[in-house]
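The values are calculated or read from the model by the stated rules, or taken from the named source; none is laboratory data. Because the structure is predicted, anything quoted here is derived from the model rather than measured. Here the Cβ is made from the backbone with ideal geometry for all residues, glycine too, and neighbour counts use every protein chain on show.
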Amino acid sequence: MVTEPPSFMKAILKLITKPRLLLFLFVFLSTRTAKLSTSTFLYVFLSEDLKADATLMGLSTFVGVTLEILVFYYGKNILDFTFPEVIMIGGGLFTTLRASLYAFFGTSMNPWLSLPIELLQGLEYGLVKPASLEIVLQQSPPKLRGTALGILAATEYLSTALGQIVGGILYGHFGSVKMFLYSAWIGILAIIIYIVGLSMQKKRFYLY
């Protein structure tokens with residue numbers, strides 16, 4: 001007897017009520033919100049606060065994307081070497097470090113320092129993207145993996161919107177430096193919640 005696939009809403013509820021998957025999605029949303037807050041207003045910071053020229057801003061994007069491609073190329077080897085949860089924690093640390101460096105140097109920063117700092121963005125995305133897909137696939141029943149990937153994509157788009165909104169509010173009320181600082185704190189809290197949440201499930205974070 002062939003069983004009918006669950007309805008769309010039932011499938012979503014079945015997935016998001018899995019504690020381990022829900023924890024991951026929350027942390028993924030939080031760290032990406034912190035990242036997008038930084039990314040969205042980085043060029044405003046560079047152009048208005050640091051008076052950087054357009055060439056530098058273009059180069060800062062180029063170096064990040066170039067490293068993303070290189071990391072993507074070796075992504076399978078990295079996943080074979082360690083576990084996706086470890087990579088997610090590392091990616092969160094890179095996001096936090098990136099925002100923290102901009103907050104630390106502030107408006108006295110040499111704008112050319114954005115080039116090495118933006119390497120962190122490329123490293124983070126190149127590592128987290130395949131790791132997030134791996135976690136979602138591992139935590140989803142085979143028949144619901146398509147739906148789970150859709151939820152992951154929706155979470156990613158939601159984080160983009162939230163990052164722009166949160167970053168805009170922080171930038172408007174506190175300025176660029178504190179916006180970077182508060183974005184870093186969002187990333188730190190997300191990492192702590194992820195580690196504590198995995199520990200509370202009485203499993204090592206690298207076991208499935």
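Evaluate the range 77-95: report whether one residue or more is under 12 Å from the mean Cα position of the chain (by Cα), within 28 Å of residue 51 (Cα to Cα), surrounded by 17 or more Cβ atoms within 10 Å (Cβ to Cβ) and not small (Gly, Ala, Ser). Yes, because at least one residue in the range 77-95 is under 12 Å from the mean Cα position of the chain (by Cα), within 28 Å of residue 51 (Cα to Cα), surrounded by 17 or more Cβ atoms within 10 Å (Cβ to Cβ) and not small (Gly, Ala, Ser).
Can you pull out every residue in the range 50-70 that is aliphatic (A, V, I, L, M), part of a helix (DSSP H, G or I) and within 26 Å of residue 110 (Cβ to Cβ)?
Hits for the range 50-70 are 54, 56, 57, 59, 63, 65, 67, 70.
What about residue 127, is it farther than 23 Å from residue 165 by Cα, in contact with a Leu (Cβ under 6 Å, 6 or more places away or on another chain) and without any contact (Cβ under 8 Å) to a residue 60 or more places away in the chain? Against the criterion (farther than 23 Å from residue 165 by Cα, in contact with a Leu (Cβ under 6 Å, 6 or more places away or on another chain) and without any contact (Cβ under 8 Å) to a residue 60 or more places away in the chain), residue 127 does not qualify.
In the range 46-57, the residues that are modelled with pLDDT of 90 or more reach residues that are not in a helix (DSSP H, G or I) with C-beta atoms within less than 6 angstrom, at least six apart or across chains, in these pairs: 46/52.
Residues checked against (1) over 27 Å from residue 69 (Cβ atoms); (2) surrounded by 15 or more Cβ atoms within 10 Å (Cβ to Cβ); (3) more than 19 Å from the chain's Cα centre (by Cα):
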site	(1), (2), (3)
131	no, yes, no
147	yes, yes, yes
155	no, yes, no
167	no, yes, no
170	yes, yes, no
174	yes, no, yes
177	yes, yes, yes
192	yes, no, no
196	yes, no, no
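Kindly indicate the residue of the range 99-144 that is more than 21 Å from residue 59 (Cβ to Cβ) and polar (S, T, N, Q) and also modelled with the highest pLDDT among those meeting that condition. Filtering first and then ranking leaves 100.
Within the set of pairs 6+ apart or on separate chains, which have a first residue in the range 133-153 that is among the basic types (Lys, Arg), a second that is assigned to a helix (DSSP H, G or I), and C-beta atoms under 6 Å apart? Within 6 Å, the pairs are 145/137.
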